[in-house]
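So the structure is just underneath, and the comments pick up after that.
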Amino acid sequence: MSTIATNAADIAINVEGLSKSFSGREVVHDLSMQVKRGTIYGFLGPNGSGKTTTIRMLCGLLTPDSGEGTCLGYDIRRDADKIKRQVGYMTQRFSLYQDLSVRENLEFVARLYGLPDARAAARDMIDRIGLKGREAQLAGELSGGWKQRLALGACTLPNPQLLLLDEPTAGVDPKARRDFWNEIHALAAEGLTVLVSTHYMDEAERCHEIAYIAYGHLLAHGTVDEVIAKSALSTYTVTGDDINTLSAELLGKPGIDMVAPFGTSLHVSGRDQSALEAAIAPYRDNENWHWQHSEPSLEDVFIDLMGRSRDNFQ
Ligand SMILES: Nc1ncnc2c1ncn2[C@@H]1O[C@H](COP(=O)(O)OP(=O)(O)OP(=O)(O)O)[C@@H](O)[C@H]1O
Ligand SMILES: [Mg+2]
């Protein structure tokens, strides 16, 4: 542990060189990262890229094959049990009892964790998550959005210091997602550290920091602005007639690293600005299309990272 200076007061997670293989296939490769206490840290990346595996290693729920580090000041290898007691984990699938009511589910969790007054704890949580009036409803009969809120309530009930939310809002409508995120921010403001994986760009933008993982490699991390700046992408937004034809023509041209449709416009990006300018020059005089230099969006950056990682690692 000598290489890692851990200040338990403000660093929640500090790991170096984590790797993990399943059946001889490496799914997380040499991953190092730090998470400050009280931050909402988002994990993004394509399916099967190692987000869940990474998050589970960071919290001592899964032992890495190599690498070391601390979570909440505890060694992730030696003190996994101590860490687990401080972690609330919302898995990718709904894990509460469908045939117990809202109140019964929460009381069950409260008893499981040995809270002194399970009924009062459940009642307070029902107030907090706005499920008052639905206490008697079976969890399995709640809408998707309410299920997620109940699951969040259940995993925060034991008062954890770290929350681990694995795609908590998959399949939930936009209003419910927004409410859910407001609640996550309220929890972080109380000092909770939150690790969350998501496929939604708007959710990534609501994280204090993000990490992008593809094929087991941590490709970018930092605040959204830092990740965009570090990409060094130069982007043009093109509007006009028949942008599909334009897209097909530009794709794969030297200097053009990414072409992606966004609604009725096309984003054209390159990592070498002068090469990009040269590549698009023949198309800029065409009056069918209007070209405007723009900031790359987070999505542009991720699409570019994913394309490059596919070439490098797959
Ligand atoms: N217990 C396991 N045994 C064998 N292989 C596993 C196990 N857990 C994960 N994997 C494999 O490891 C790779 C990474 O999986 P992981 O679940 O970490 O990805 P992910 O980024 O969370 O994906 P998703 O976005 O689909 O949730 C996948 O190829 C997966 O099939
Ligand atoms: Mg996952």
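The values are calculated or read from the model by the stated rules, or taken from the named source; none is laboratory data. Just so we're clear, the structure is a prediction, and the values are computed from it rather than from any experiment. Note: ideal-geometry Cβ built from the backbone for every residue, glycine included; neighbour counts use all protein chains shown. Just so you know, the surface numbers come from the protein's heavy atoms only, side chains and all, with ligands and any DNA or RNA stripped out. Shrake-Rupley method; radii C 1.70, N 1.55, O 1.52, S 1.80 Å.
Quick check, is SER2 at pLDDT 95 or above and surrounded by fewer than 19 Cβ atoms within 10 Å (Cβ to Cβ)? No: the conditions fail for SER2.
Within the stretch 230-280, being farther than 26 Å from GLU209 by Cα and among the basic types (Lys, Arg) holds for one residue alone: LYS253.
Give the stretch 189-203 a look and list any residue that's more than 16 Å from ligand 1 (Cβ to nearest atom) and either at positive phi or open to solvent by less than 10 Å² (accessible area, probe 1.4 Å) (or both), or say none.
Residues satisfying the conditions are GLY191, THR193, VAL194.
The set of residues from the stretch 26-35 being within 16 Å of ligand 2 (Cβ to nearest atom) and crowded, with 19+ Cβ neighbours inside 10 Å comprises VAL28, LEU31. Of the helices (runs of 4 or more DSSP H) entirely within the stretch 241-314, those holding at least 1 residues that are modelled with pLDDT under 90 and open to solvent by 90 Å² or more (accessible area, probe 1.4 Å) occupy 298-313. Count of the stretch 149-169 residues, restricted to those that are within 16 Å of ligand 2 (Cβ to nearest atom) and not aliphatic (A, V, I, L, M), is 4. Within the stretch 100-132, the set of residues being open to solvent by less than 60 Å² (accessible area, probe 1.4 Å) and among the acidic types (Asp, Glu) comprises just one member, GLU107. Among strands (runs of 3 or more DSSP E) entirely within the stretch 1-101, having at least 3 residues that are farther than 27 Å from VAL301 by Cα singles out 11-22, 66-71, 87-90. Residues satisfying the criterion are present in the stretch 36-49 (criterion: more than 16 Å from ligand 2 (Cβ to nearest atom), open to solvent by 60 Å² or more (accessible area, probe 1.4 Å) and closer than 26 Å to VAL224 by Cβ). For the stretch 65-86, the count of residues that are over 21 Å from the mean Cα position of the chain (by Cα), open to solvent by 80 Å² or more (accessible area, probe 1.4 Å) and within 15 Å of ligand 1 (Cβ to nearest atom) is at least one. When the stretch 133-169 is filtered for residues that are in a loop (DSSP other than H, G, I, E, B) and open to solvent by 40 Å² or more (accessible area, probe 1.4 Å), the ones remaining, listed by number, are GLY133, ARG134, GLU135, ALA136, GLN137, SER143, ASN159, GLN161. Scan the stretch 101-118 and report the pairs whose first residue is of a type in the set (Asp, Glu) and whose second residue is modelled with pLDDT under 95, with Cβ atoms within less than 7 Å and a gap of 6+ or a chain change. If the second residue must be modelled with pLDDT under 95, no pairs are left.
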